[in-house]
Amino acid sequence: MRLLRTCLLLPLLAGWLAACGRDPAQQPVRFWAMGREAEVVAELVDEFERDTGIEVEIQQIPWTAAHEKLLTAFAADALPDVCQLGNTWIPEFAQLGALQPLQARVDASATVDQADYFPGIWDTAVVDGELVGVPWYVDTRLLYYRKDLLREAGVAQVPRTWAEWEQAMAAIMAQGVPGRHAILMPLNEFEQQLSFALQQGDPLLRDHDTRGNFESPGFRRALAFYAGMFERGWAPKVSETQISNVWDEFFRGSYVFYLSGPWNIREFRRRQPPQLEGQWGTMPLPGPDGPGAGIAGGTSLVLFRGSPRSDQAWKLVEFLSRPDIQQRFHAMIGDLPPRRSAWEHPQLAGDPLAAAFRDQLERVEPAPKVLEWERIVQEMRLVTERVVRGGLAQDAAARELDRKVDAILAKRRWMHERAAEAQGAAR
């Protein structure tokens, strides 16, 4: 029996010793991906492994746990080689010094062509002038709308400016249809307020991103436009949890406009009643004086510092960045590609519902690139909700936002001031 156990254990021990002695560069590339994307990308990675002989180990992480897991891995020096990172998380990990600069790799790449990317999306991965990620897929918000109900209200053309949009919403409400609102903008979301704010000339932060700039004329104008839709009864004062089903209510005619993202193209197509096929569509966001900017959401692919498999991981980034692979990824999951050339494929180029997103992506703007941004944008949502529900005047809301944001950015401001003092002393 002892001899039998020895014979059985020897191959296992040999394999373990071989793995321990293996060159780290020859070990599998560790790729962390989030949510549904992690499930879908596995099919594409199989092709990459066959083509290159490079083995990839994918770890699927729920979005709800991803941020904490990444920070824990950073503290333990256990980050993966390559990762899908939300665009608003990039500044945080860049400031931690966790991300590899990528501009030299891009310049030498025959696959990743910076000029082919939508500029606003590419800019989300540039922190303090340094490229630290390559956009993987993009997310923005625009308007879904009922064509038939606009016609019934006498609106012949989709609005392109705020004034035209207000006229259209006023015409919808003038019909007096019971239970109908002009637009749905759930109060538990911040994307609407942020989109309108990004359409202004004034930045949301000032003084080298160390203070809030919400008392600026630009944000005040955006807040007045947003709050005005609720004040005039054009939008219901509800959160998404108070709506039984946003898709069914849209097709019932409970609202004519709905500000949402690209994933809903599939949902609306799947749920549309047969008689309403072709009676709804998508349109870019109107702006103050013409087609307006939108948010530059989505994720990028990043390489972490210290990885012994950076060259292999970069090949995976290049593979996933190919226009044909991005188009296939879109077909599998519906995420929008960040490269213009990927939109030339007939499946996207011939889709009228996707066309508005293609148009909108030319005008997306990144949010402020500070690690505190997610806290800031949630404060913006909470304060503006108080304006909508009553009890807080718009001027007071702008002052309160600046006060709250200044407190959030106190450490960043202190660090900037110390750096400026040190630079001055060195002269």
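The values are calculated or read from the model by the stated rules, or taken from the named source; none is laboratory data. Note that the coordinates shown come from a computational prediction; the quantities given were computed from them, not determined experimentally. Glycine gets a Cβ as well: all are built from the backbone with ideal geometry, and neighbour counts include every protein chain shown. For the accessible areas, the whole protein counts, side chains as well, though only heavy atoms, and no ligand, DNA or RNA atoms are used. Shrake-Rupley method; radii C 1.70, N 1.55, O 1.52, S 1.80 Å.
Some observations on this one:
Results for (1) buried (at least 20 other Cβ atoms within 10 Å of the Cβ); (2) within 11 Å of Y255 (Cβ to Cβ), shown as yes or no for each residue.
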position	(1), (2)
V138	yes, no
L142	yes, no
R151	no, no
G154	no, no
P159	yes, no
H181	yes, yes
M185	yes, yes
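- Counting only residues that are aromatic (F, W, Y) and free of Cβ contacts under 8 Å to residues at least 60 places away in the same chain, the stretch 338-368 holds 1 of them.
- Taken as a whole, the structure leaves D289 outside the set of residues that are open to solvent by 50 Å² or more (accessible area, probe 1.4 Å) and part of a helix (DSSP H, G or I).
- Remark: pairs (first residue in the stretch 26-42, open to solvent by 20 Å² or more (accessible area, probe 1.4 Å); second residue not aliphatic (A, V, I, L, M); Cβ separation under 6 Å; 6+ apart in sequence or on different chains) = P28/E55; P28/E57; R30/E57; R30/P80; R30/D81.
- Of the residues making up the stretch 194-242, just one is under 17 Å from A397 (Cα atoms), in a helix (DSSP H, G or I) and touching an Asp or Glu at 6+ places or on another chain (Cβ under 6 Å), namely G218.
- At least 1 residues being within 25 Å of P338 (Cβ to Cβ) and at pLDDT below 95 is the threshold, and among the helices (runs of 4 or more DSSP H) wholly inside the stretch 1-120 those reaching it are 35-52, 63-75, 90-95.
- When each of A168, A174 is tested for being open to solvent by 20 Å² or more (accessible area, probe 1.4 Å) and of a type in the set (G, A, S), the lone residue that passes is A174.
- Number of positions in the stretch 308-349 that are open to solvent by less than 20 Å² (accessible area, probe 1.4 Å) and either part of a strand (DSSP E or B) or of a type in the set (S, T, Y) (or both): 4
- All conditions in (1) open to solvent by 10 Å² or more (accessible area, probe 1.4 Å); (2) at pLDDT 95 or above; (3) touching a strand residue (DSSP E or B) at 6+ places or on another chain (Cβ under 7 Å); (4) more than 20 Å from Q114 (Cβ to Cβ) hold for R363, with the sole exception of (4).
- Residue in the stretch 136-153 that is farther than 30 Å from W247 by Cβ and part of a loop (DSSP other than H, G, I, E, B) present: no
- The requirement of being assigned to a helix (DSSP H, G or I), at pLDDT below 95 and either surrounded by fewer than 20 Cβ atoms within 10 Å (Cβ to Cβ) or touching a Phe, Trp or Tyr at 6+ places or on another chain (Cβ under 8 Å) (or both) is fulfilled somewhere in the stretch 254-265, by at least one residue.
- Restricting the first member to the stretch 398-411 and to residues that are in a helix (DSSP H, G or I), and the second to residues that are of a type in the set (V, I, T) and crowded, with 18+ Cβ neighbours inside 10 Å, the beta-carbon pairs closer than 8 Å and six or more apart or on different chains are E400/V383; L401/V383; K404/V383; V405/I376; I408/I376.
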